[in-house]
Amino acid sequence: MPARPLPAGHVPAGPVQAPPPGFLPEAERARILAAALAGIELGAWDRRILHWMSSWDPATVLTVASWITRTRAIRPEPPPR
């Protein structure tokens with residue numbers, strides 16, 4: 001059975017076989033990237049790059065967010081400091 005297309009703006013949970021569909025405003029792309037990085041301390045440069053990346057096309061932003069969230073899902077939580 002072929003995979004169903006994802007709704008626009010949905011971060012893919014598995015390997016991305018085709019560009020994710022749809023238009024997302026830049027503010028929504030920034031929110032998606034920030035959500036993927038939630039819990040990670042970001043410095044000024046990190047935030048600047050996040051803002052810059054949010055200007056990328058939605059398919060690229062969703063793919064990068066997918067990589068981050070899938071990587072976080074398979075890595076164990078770091079021990080408390």
Measuring from the longest principal axis of the C-alpha atoms of the chain, the long axis of helix 58-74 (C-alpha) lies at a number of degrees, nearest 10, equal to 60
With x for Gly and Pro, the residue-by-residue ³J(HN,Hα) of the stretch 31-41, computed from phi through the Karplus equation 6.51 cos²θ - 1.76 cosθ + 1.60 at θ = phi - 60° and given in whole Hz, is 5, 5, 5, 4, 5, 5, 9, 3, x, 9, 5
Simple spin-label estimate for Trp67/Phe23, 7 Å along Cα→Cβ, in nm, reads 2.7
Computed Rg/Rh for the stretch 26-73 (Cα atoms; Rh = Kirkwood radius) stands at 0.94
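Work out how much length Ala13 to Ala34 would gain on full extension: take 0.36 nm times their residue separation and subtract the Cα-Cα distance, in nm to one decimal. Spell out each step's value before the answer.
Working: separation 21, 0.36 × 21 = 7.56 nm, distance 1.65 nm.
Extra length from Ala13 to Ala34 when fully extended: 5.9 nm.
Every read-out reported here was derived from the displayed coordinates using simple, explicitly stated rules and does not represent laboratory data. All values reported here derive from a predicted model rather than from experimental measurement. For neighbour counting, all protein chains shown are included, and Cβ atoms are generated from backbone atoms with ideal geometry for every residue, glycine included.
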